[in-house]
1. How many residues are in a loop (DSSP other than H, G, I, E, B) and either touching a Pro at 6+ places or on another chain (Cβ under 6 Å) or in contact (Cβ under 8 Å) with a residue 12 or more places away in the chain (or both) when one looks only at segment 163-215?
2. Is it the case that segment 226-238 has a residue that's in contact (Cβ under 8 Å) with a residue 40 or more places away in the chain, in contact with a Ser or Thr (Cβ under 7 Å, 6 or more places away or on another chain) and in a strand (DSSP E or B)?
3. Would you check if there is a residue in segment 144-164 being of a type in the set (Gly, Ala, Ser) and under 29 Å from the mean Cα position of the chain (by Cα)?
4. Tell me whether segment 521-543 contains one or more residues that are closer than 30 Å to residue 607 by Cα, of a type in the set (Val, Ile, Thr), outside any strand (DSSP E or B) and not assigned by TED's automatic domain parsing to the domain that holds residue 663.
5. Looking at segment 341-348, is at least one residue over 21 Å from residue 55 (Cβ atoms), of a type in the set (S, T, N, Q), buried (at least 20 other Cβ atoms within 10 Å of the Cβ) and touching a residue at least 60 places away in the same chain (Cβ under 8 Å)?
6. Quick one: count up the residues across segment 514-564 that are surrounded by 24 or more Cβ atoms within 10 Å (Cβ to Cβ), hydroxyl-bearing (Ser, Thr, Tyr) and within 16 Å of residue 493 (Cα to Cα).
7. Inside segment 118-144, can you point out the residues that are over 21 Å from residue 295 (Cβ atoms) and of a type outside the set (Gly, Ala, Ser)?
8. Does residue 475 satisfy being under 22 Å from residue 567 (Cβ atoms) and either over 28 Å from the mean Cα position of the chain (by Cα) or not hydrophobic (A, V, I, L, M, F, W, C) (or both)?
Amino acid sequence: MVSRKLVAIICLLLSAWEGVQAQESSALPALHKPRAEEFQHYLWPASTLADTRLAHSSASKAFRQNNRRLLASTNTAAQAENGEGVIEYRPVGFNIDSGDFATFFAIAHANKKATGIRVAPGTYHVNDNVPDQSHIYMRCGDDREDDFEVDFTGVFFYFTNWEHAGIQLENCTNIDIHGPFEQTYTNDQLGYAQGTIVGINEDALEYTVEVDEEYPGERVMMTQAIAISLFHNDTLLIKSPDPYMDIIVGGTDGRKSLGNRKYSFKARGVTPNVTVGDYFVARGNLGNNGLRFEKVKNCTARDMTIFHTDGFGVYEPFGRNNSFLNIQIRPFPYPLGRDGKLPLCSSSWDGFHITGAHSGTFIKNSYIVNTGDDAIATSGFYYLVAAVDPGQKSVTIATDREITFNPGDLLTFYAQDTERLGTQTITKMYSVEEPNEISGKTSEIATDFKYDDADFMKVFLDQWPANMNRLRFDDSASSPSNNGDGFAFVNNTIGNLRGRGVLCKSSNGVIAHNRFFNLKGFGIIMSPEHLWVESDFVNNVLVLNNTINSYAPGMWLGMAPSAEGMPGMYTNNYNVDFINNTVANCATSPFLLTSAAGITVTNTTFVNVLCTQKDMRNYDWEVNGTIVMVANVKGVTFSGNSVIKDARCKHPYGNYDHPVVLINATNVNGLVAKTSVDSLLQADSTGG
């Protein structure tokens, strides 16, 4: 069921849309490649709260090597326990002991006379004194759910161990964390290296790089699997996908430390579009999170800036109705070393990663740039079927993830070819051992999933309809009750990053008024990913008034292609409305619509797309030059859409007169030319 908050948002957005409809057609969006000074101003403001004297390695190392228990604040446990209103936490000097702060928060939160805590403004080093937890660790008790404020206004946190998260809120309800405040890691604890490509041997797949001053060369370049993204050295924009590809280095084979901060390594394959002199960012596969909302409900984070984290910028596992307002995830605004080069990476992985949420997340007015992967990703989990017992109406589920469902929740079951077999309610469940008959087996649909390494849960269902008799070993299940449904991503700016803008696998939500620029993946993609065991298909989603200005692909509702190369044949995505969106300057796959039913595409404008004069398809099943590709769809209505090509399209290769191609599409409406000049969205059919 859609939450009241979401309904209100939808009503507000639709009211705004009606106002747009009443106006005459607007001018074309401003499209240009930013000059270096424009982009620098746009991305890096010339200010920060930080006292950067505390960013140097020598200061942080001396702090962490001090084995003496720090006198971390002038507050006592008695003040936290007996104070009233907002109680101030006053660190001594520039040091915060994480254990001292965690204790102070727990006692203050348990004090019913306290309405919140405040940290005195300043720049602080925070140690990692809470075992296996974050630097700023806030865990709530079970007996308080009234409002509680955490005021970090005027604070800059330097975290001192890349293996631990920055801030963690756990088991809390109705907490409001706010600033403005900022955070990053000390220079020697950054999770990425950056520098310059200085040598290329394409025949040997070997690259030589020089890492900039103050970045962790040895730890990143010699010990982790890394993905290397390239940047233009004049504009600092990430290089366009040609095709979508990074330099991927797995394991440590072929790596050499050459001295003077130079390293060489062998890539997994040929990477086109690499030149000597390119800037690069190498991010690893180990790390943590800047802000972690762990099993929290009705909580808010607002007015904060995350300059770097070696993992997800914001990670929200198993949340319920949480909000993130005016969150900035962006690189640090000043050079770290004496060479004057600006940092190019914010979070090493996704900006926001939301998984297993019981009800949807609200992200508004946020600025997400230079992430090492997607800007916003929301999903649930796929679980695998280990055994079936129709007589007991039970299924044994296998997973290597945390179980997010409980009795009373729903489970949806799919055959291996993604045919939906049914959705049932869980009546009871308990842990069991691995069934003997699957010992030693590996999944065919989830890459590298070994059943011997899984946990097993026997789940009993309220009903067992006839379709469920077709359920087999290694089929899959997801829980709609824990899939992040009821989300809203509104008025965010997203760009210059390695992955996709919004990767959505949740339903009953809104993606509206967002601006996307210079991405390496799709601006908006709604599709499950069995490769990562992330669910699910989407339904009842409004995609409204977004602008995607990027060389990379535009929008895709569907499903990743099967082993046979075609998108999913079942129309598991349904009731999605695309209204008043603009896709500009993309060189490949402006709009893919697959594996869906009951779709509307209204007032979508394509501006100067497919202007590179070469085949840039993402998949072989796409028809070259197609602007809107529709495959395996039942029921789609087009209305008021347009394709614009002007003098800025230097090398056009799109089929602008007949931009839509249909493959196995039925009940298609609205594909007619409006005028002889505005010859929009006619269709060519290549299949039934």
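The values are calculated or read from the model by the stated rules, or taken from the named source; none is laboratory data. Keep in mind the model is a prediction, meaning the values are calculated, not measured. Don't worry about glycine lacking a Cβ; one is built from the backbone with ideal geometry, like all the others, and counts go over all protein chains shown.
1. Just the residues of segment 163-215 that are in a loop (DSSP other than H, G, I, E, B), to begin with: 163-166, 171-172, 174, 186, 190-191, 202-205, 212-215.
Still in the running and either touching a Pro at 6+ places or on another chain (Cβ under 6 Å) or in contact (Cβ under 8 Å) with a residue 12 or more places away in the chain (or both): 163-166, 171-172, 174, 186, 190-191, 202, 204-205, 212-215.
Adding up the residues that qualify gives 17.
2. Residues of segment 226-238 that are in contact (Cβ under 8 Å) with a residue 40 or more places away in the chain, as a first pass: 226-238.
Narrowing the set further to residues that are in contact with a Ser or Thr (Cβ under 7 Å, 6 or more places away or on another chain) leaves 238.
In the following step, the residues that additionally are in a strand (DSSP E or B) were identified as 238.
Looking for residues that are in contact (Cβ under 8 Å) with a residue 40 or more places away in the chain, in contact with a Ser or Thr (Cβ under 7 Å, 6 or more places away or on another chain) and in a strand (DSSP E or B), one finds at least one in segment 226-238, hence yes.
3. Of all residues in segment 144-164, those of a type in the set (Gly, Ala, Ser) come to 154.
Adding the requirement that they be under 29 Å from the mean Cα position of the chain (by Cα) leaves 154.
Yes, because at least one residue in segment 144-164 is of a type in the set (Gly, Ala, Ser) and under 29 Å from the mean Cα position of the chain (by Cα).
4. Taking segment 521-543 as the starting set, the residues that turn out to be closer than 30 Å to residue 607 by Cα are 521-529, 537-543.
Restricting the remaining residues to those that are of a type in the set (Val, Ile, Thr) gives 524-525, 538, 541, 543.
Within this subset, residues satisfying the condition of being outside any strand (DSSP E or B) are 538.
Filter once more, so that each one left must be not assigned by TED's automatic domain parsing to the domain that holds residue 663: 538.
So far as segment 521-543 goes, yes, one or more of its residues are closer than 30 Å to residue 607 by Cα, of a type in the set (Val, Ile, Thr), outside any strand (DSSP E or B) and not assigned by TED's automatic domain parsing to the domain that holds residue 663.
5. If we filter segment 341-348 for residues that are over 21 Å from residue 55 (Cβ atoms), which is where we start, we get none.
Scanning segment 341-348, I find no residue that is over 21 Å from residue 55 (Cβ atoms), of a type in the set (S, T, N, Q), buried (at least 20 other Cβ atoms within 10 Å of the Cβ) and touching a residue at least 60 places away in the same chain (Cβ under 8 Å), so the answer is no.
6. Residues in segment 514-564 being surrounded by 24 or more Cβ atoms within 10 Å (Cβ to Cβ), hydroxyl-bearing (Ser, Thr, Tyr) and within 16 Å of residue 493 (Cα to Cα): 1 in total.
7. Of all residues in segment 118-144, those over 21 Å from residue 295 (Cβ atoms) come to 118-129.
Result: 118, 119, 121, 123, 124, 125, 126, 127, 128, 129.
8. Details: under 22 Å from residue 567 (Cβ atoms): yes; either over 28 Å from the mean Cα position of the chain (by Cα) or not hydrophobic (A, V, I, L, M, F, W, C) (or both): yes.
So residue 475 fits the description; yes.
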